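The values are calculated or read from the model by the stated rules, or taken from the named source; none is laboratory data. Fair warning: this is a prediction, and the values are worked out from it, not measured in the lab. For neighbour counting, all protein chains shown are included, and Cβ atoms are generated from backbone atoms with ideal geometry for every residue, glycine included.
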Amino acid sequence: MKQKAWLRFGLVLILVSVLFLWGCGSQQQAAKKPEPPAAKKTLTVAAAADLAVAFKELGQSFEKSTGNKVVYSFGSTGLLSQQVENGAPFDVLAAANIKFVDDLIAKGKVVSDTKQLYARGRVGLLTTLKEKSFTVKQLSDLAAPEIKRIAIANPEHAPYGLAAKQALQKAAMWDKIKDKLVFGNNIQDTLNLVLTGNAEAGIIALSLSMREDIRFTLIDGDLHAPLDQAIAVVKGTPQEALARQFIQYVNSPEGRIVMKKYGFVLPGEI
């Protein structure tokens, strides 16, 4: 009997030892288990329409570099600024004219110390390759009778439209062709008016001219006020740190390469 009792006691001891060692091993494995990666964040950027091509490429580069996604709302700077002022849930505003950022700073709608100049834009004359009955190489060519409609962005709220108006006025062409004008909501819309045949010619941003199906000629920059473009963090965003990181990326060596590619004059070159 004593022998059987000792045998049972030995078996219990072995079982307890096995369970103890297994538990220790499980705890060690749990301790070594890597933490799950941080969740990706999404940044919402209200951006001037002239940035539609450049910022899409820049956003892909930023996402690859940081793991965070960028979503854009492109439009005329004037209308986007109104949305920011009215509390639209944007994290960043990239304006086509620094004046709009300064106005929003004065109204307490963007974080003042995040304001940065990131580019100067240029405008030029646009026709499509299918238009062969006339050529447009200078503003005076817009008076040709073959040109029935000329597209520009609405100068009331689009900085590139205002630049187009200023250039036409300074060249003494505004009064001559104003009855031909059709207005796009923004500079991208203006390009589409020409591409779809709703206008024979137009004035658009250099940054949107990198296409093989159009003719584009730069307008003398002295004919209009400088298109100095600024960017800032929208006040109240829950992602201010990431928004600041994006702004720094736009002006980083990587960001400057992209912006330069699309014809922007960069800070330090102005």
For this session: Answer yes or no as to whether SER17 is modelled with pLDDT under 95 and not in a strand (DSSP E or B).
Result: yes
Exercise. Looking at (1) under 15 Å from the mean Cα position of the chain (by Cα); (2) aliphatic (A, V, I, L, M); (3) crowded, with 18+ Cβ neighbours inside 10 Å, which is the only condition LEU126 fails?
Worked result: (1)
Seminar exercise, completed: Checked region 230-255 for anything closer than 25 Å to GLY121 by Cβ and out of contact with any helix residue (DSSP H, G or I) (no Cβ under 8 Å at 6 or more places or on another chain); matches are GLN248, ASN251, SER252, PRO253
For this session: Spot the failing condition for ILE177; the list is (1) in contact with a Ser or Thr (Cβ under 9 Å, 6 or more places away or on another chain); (2) among the hydrophobic types (A, V, I, L, M, F, W, C); (3) buried (at least 17 other Cβ atoms within 10 Å of the Cβ), and only one is missed.
Result: (1)
For this session: Taking THR237 as meeting all but one of (1) surrounded by 18 or more Cβ atoms within 10 Å (Cβ to Cβ); (2) in a helix (DSSP H, G or I); (3) within 18 Å of the chain's Cα centre (by Cα), write down the number of the exception.
Result: (2)
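Let's see how each residue does on (1) among the small types (Gly, Ala, Ser); (2) assigned to a loop (DSSP other than H, G, I, E, B):
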| position | (1), (2) |
| --- | --- |
| GLU57 | no, no |
| SER61 | yes, no |
| PHE74 | no, no |
| PRO89 | no, yes |
| ALA96 | yes, yes |
| LEU126 | no, no |
| SER140 | yes, no |
For this session: Look at ASN186 and say whether it is touching a Gly at 6+ places or on another chain (Cβ under 8 Å) and not assigned by TED's automatic domain parsing to the domain that holds LEU79.
Result: yes
Exercise. Would region 251-270 turn up any residue that is at positive phi and buried (at least 16 other Cβ atoms within 10 Å of the Cβ)?
Worked result: yes
